[in-house]
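S.K.: Structure in structure tokens, see below.
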Amino acid sequence: MSQLLLNETSRGESPAMRILIGLLLAIVVNYGLFTLMKEMTNSDSSLFRDDNEALVLDFVRLKPEETQPETIKREIPKKPPPPEEPPPPTPTTAPKMTQPDVQQPKMDMPRIDVPLNIAGQPYLGDFSAEPAPAPSTMPAQPGPQMDDEVVPLVRIPPNYPRVAQRRGIEGVVTVAFTITRDGQVKDPVVVSANPESVFDNAAMTAILKWKFKPKVVDGEPVERRATQEIEFKLAR
């Protein structure tokens, strides 16, 4: 645009006039540029200022209101009034019982004269003691005779007690018994034992299972007593 003005003025004006007009135009143009740049810078700074201000945050901590817990009032139940005591019962007087007059019959009691017991023994009355019966004159039957020489027909060994076997105890038991007419054994009795009360039961149980030859007198078998030693020995 300035070039067009210069071309138009160059046709009918002097060079000094053209320089003056060019300076004026230059001044106007520069002023306009400076003014425009100033406005632009002001607008940019306002934009940056707005952005910075938008970034600033103000944190305010609000203090919560303190709420006081509600107090619940409990009413203590009133004690009921004590029950009124009933009036004491009036004592009742029992009617007096009149005892009837009972006339006891008069009885004539016999009088018994009993002598006193001075010696401290009970009185059994007067009686005459009967004489004791005389002993019979019949001859007594002879009991079984003791015989040491007996022959066992059946001889069963006794059971060894476990306690004695475990402890290694040995012993001898002498048993007296009766041999019946059929050779059986009855009424066994321990005469001696060594040691005592260790092999007694085993010896008596075993002797009852033995059988002997009965003794014959005048052609008839008779009972007789006999003794027998039973030894208890451990196997070596």
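S.K.: What is the fewest-to-most order of Glu85, Glu223 by other Cβ atoms lying within 10 Å of their Cβ?
M.R.: On the way: Glu85 6, Glu223 15.
Ascending Cβ contact count within 10 Å gives the list Glu85, Glu223.
S.K.: Measure off 7 Å from each Cα along the Cα-to-Cβ vector at Glu170 and Ala235, then give the distance between these two points in nanometres to one decimal.
M.R.: 1.5
S.K.: Another question about this same structure. Quick one: Ile169, Ile179, Ile19, fewest Cβ neighbours within 10 Å first, how do they rank?
M.R.: Working: Ile169 15, Ile179 25, Ile19 11.
Listing Ile169, Ile179, Ile19 from fewest to most nearby Cβ atoms yields Ile19, Ile169, Ile179.
S.K.: Test of understanding: what is the full-extension gain from Lys209 to Glu39, defined as 0.36 nm times their sequence separation minus their Cα-Cα distance? Could the numbers behind the result be given before it?
M.R.: Values: separation 170, 0.36 × 170 = 61.20 nm, distance 15.08 nm.
Here the answer is 46.1 nm.
S.K.: Which pairs, out of Lys186/Lys211; Lys186/Lys233; Lys213/Lys233; Lys186/Lys215, put more than 18 Å between their alpha-carbon atoms? Could the numbers behind the result be given before it?
M.R.: Numbers: Lys186/Lys211 10 Å; Lys186/Lys233 25 Å; Lys213/Lys233 26 Å; Lys186/Lys215 15 Å.
Correct reply: Lys186/Lys233; Lys213/Lys233.
S.K.: Within segment 167-207, which residues have the backbone N less than 14 Å from the label spot 7 Å out from Ile156 along Cα→beta-carbon, could you tell me?
M.R.: Within reach of a label on Ile156, which here means backbone N under 14 Å from a point 7 Å along Cα→Cβ, segment 167-207 contributes 184-186, 202-207.
S.K.: Give me the Kirkwood hydrodynamic radius of segment 152-232, using the inverse of the mean 1/r over all pairs of distinct Cα atoms, in Å to one decimal.
M.R.: On the way: mean 1/r = 0.0753 Å⁻¹.
Computed over segment 152-232, the radius equals 13.3 Å.
S.K.: Would you kindly state how much longer the chain becomes between Val163 and Ile27 on full extension, computed as 0.36 nm times their sequence separation minus their alpha carbon distance, in nm to one decimal?
M.R.: Numbers: separation 136, 0.36 × 136 = 48.96 nm, distance 14.95 nm.
Stretched out fully, the Val163 to Ile27 stretch lengthens by 34.0 nm.
All of the numbers you see were taken from the coordinates with simple rules; none came from a lab. The shown structure was predicted, so the numbers you read here are calculated from the model rather than taken from an experiment. Glycine gets a Cβ as well: all are built from the backbone with ideal geometry, and neighbour counts include every protein chain shown.
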